[in-house]
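Take a look at the structure set out below.
The values are calculated or read from the model by the stated rules, or taken from the named source; none is laboratory data. Because the structure is a prediction, the values reported are computed rather than measured. Every residue, glycine as well, gets a Cβ built from its backbone with ideal geometry; the counts of neighbours run over all protein chains shown.
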Amino acid sequence: MSRTEIVHLIDRADLIADCLAQDNRPPDPLPGHLLISLFFENSTRTRASFQIAGQHLGFNVVDMSLATSSTGKGETLLDTAMTLNAMRPDVLVVRHAMSGVPHLLSHKVNCAVINAGDGNHEHPTQALTDALTIRRRKGTLEGLTVAICGDIMHSRVARSNMRLLTIMGSTVRVVAPATLMPAGIEAFGVQPFESMAEGLDGADVVMMLRLQLERMQGSLVPSTREYFRFFGLDSDKLRAAKDDAVIMHPGPINRGTELDSVLADDIGRSLILEQVAHGVAVRIAVLEALVQNAAAGGPG
Ligand code: NCD
């Protein structure tokens, strides 16, 4: 996505967020479209917010999960996608543990495909949500220092945020133990740190990530207790950041592993629940853009 496209989506989502906050309604419903969500991995926030976004717009929403789809009966992923495509959805929302699956499916179906998280690759609507949340609190993304901390190696949220925030003119730092820092991370235009004190120094935003134990082969951290001691965010470590620094986390949070419980619940500093609320606005903006683009004859 270009800077112009990002700004357009965030501006629209900003207005939608105001409408939702006022009377829980989007400004321009678009009834009659069909959204099918296909989640091959667990999800609370992303899955619910796509459904709620679709329902707010007046879409028909069908939610398929791995447990209820026929892939459990041996059907291939492509056959499942082609089957759903034959029911003529306007939008297919896909989450999969393998990187590249939504992209692959987008070449096979003739509706729009949204990547709702693929392996450790990308999670674009989460990055848009985070950018909107930062911009609403700080007024801008340009010139801010954002420290993304934790399991950078396995995090699609980190990858999408690194790309989006650098495009938008933020200085992005990544903080992780050496075992969770991907080689060559500087290619993303970010600055790597192996210490929270240095990585958080003067930061405007501290974005914490979950330890993705389910994606780790073998043990990359000695113990969650020791991990918290060095890389978990508590008020001591937060002191290195600016006085008005905010705390973010895409969820789900593991309290006491990457984030101290008191900080997670500090409504003055923690934007975690605002991220969830803004996620609905962003997904409405993305759905609108896709169906309007399809109506105009553009690519899905
Ligand atoms: C994340 C995900 O699934 O990528 N959560 C989310 O979508 N809000 C992060 C995670 O699982 O840790």
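A few points about this structure:
For every residue, the table says whether it meets (1) within 22 Å of L165 (Cβ to Cβ); (2) surrounded by 22 or more Cβ atoms within 10 Å (Cβ to Cβ); (3) of a type in the set (S, T, N, Q).
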residue	(1), (2), (3)
A97	no, no, no
V113	no, yes, no
G119	yes, no, no
T125	yes, yes, yes
L128	yes, yes, no
L132	yes, yes, no
V146	yes, yes, no
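- Test result for G232, without any contact (Cβ under 8 Å) to a residue 40 or more places away in the chain, at positive phi, out of contact with any strand residue (DSSP E or B) (no Cβ under 6 Å at 6 or more places or on another chain) and within 16 Å of the ligand (Cβ to nearest atom): no
- Pairs, first under 14 Å from R283 (Cα atoms) in region 16-31, second of a type in the set (G, A, S) and in a loop (DSSP other than H, G, I, E, B), C-beta under 8 Å, six or more apart: P29/G58; L30/G58
Let's see how each residue does on (1) closer than 30 Å to T4 by Cβ; (2) surrounded by 14 or more Cβ atoms within 10 Å (Cβ to Cβ); (3) at pLDDT 95 or above:
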residue	(1), (2), (3)
A178	no, no, yes
M181	no, yes, yes
F188	yes, yes, yes
L200	no, yes, yes
L209	yes, yes, yes
Q212	no, yes, no
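- Of all the listed residues (A81, A97, A116, A67), the sole one being within 24 Å of the chain's Cα centre (by Cα) and at pLDDT 95 or above is A116.
- The residue that is farthest from L84 (Cα to Cα), counting only those in region 1-52 that are among the polar types (S, T, N, Q) and touching an Asp or Glu at 6+ places or on another chain (Cβ under 7 Å), is Q51.
- The set of residues in region 154-191 that are of a type in the set (S, T, Y) and either touching a His at 6+ places or on another chain (Cβ under 6 Å) or part of a loop (DSSP other than H, G, I, E, B) (or both) comprises S155, S160, S170.
- Of the residues making up region 263-286, one or more are within 23 Å of the chain's Cα centre (by Cα), without any contact (Cβ under 8 Å) to a residue 12 or more places away in the chain and within 16 Å of the ligand (Cβ to nearest atom).
- Single condition D151 does not satisfy, out of (1) modelled with pLDDT of 95 or more; (2) more than 12 Å from the ligand (Cβ to nearest atom); (3) part of a loop (DSSP other than H, G, I, E, B); (4) not basic (K, R): (2)
- Subset of region 119-137 (residues that are farther than 22 Å from H103 by Cα and more than 10 Å from the ligand (Cβ to nearest atom)): A131, L132, T133, I134, R135, R136, R137
- Within region 32-56, the set of residues being in a helix (DSSP H, G or I) and touching a residue at least 24 places away in the same chain (Cβ under 8 Å) comprises R45, T46, R47, S49, F50, I52, A53, G54, H56.
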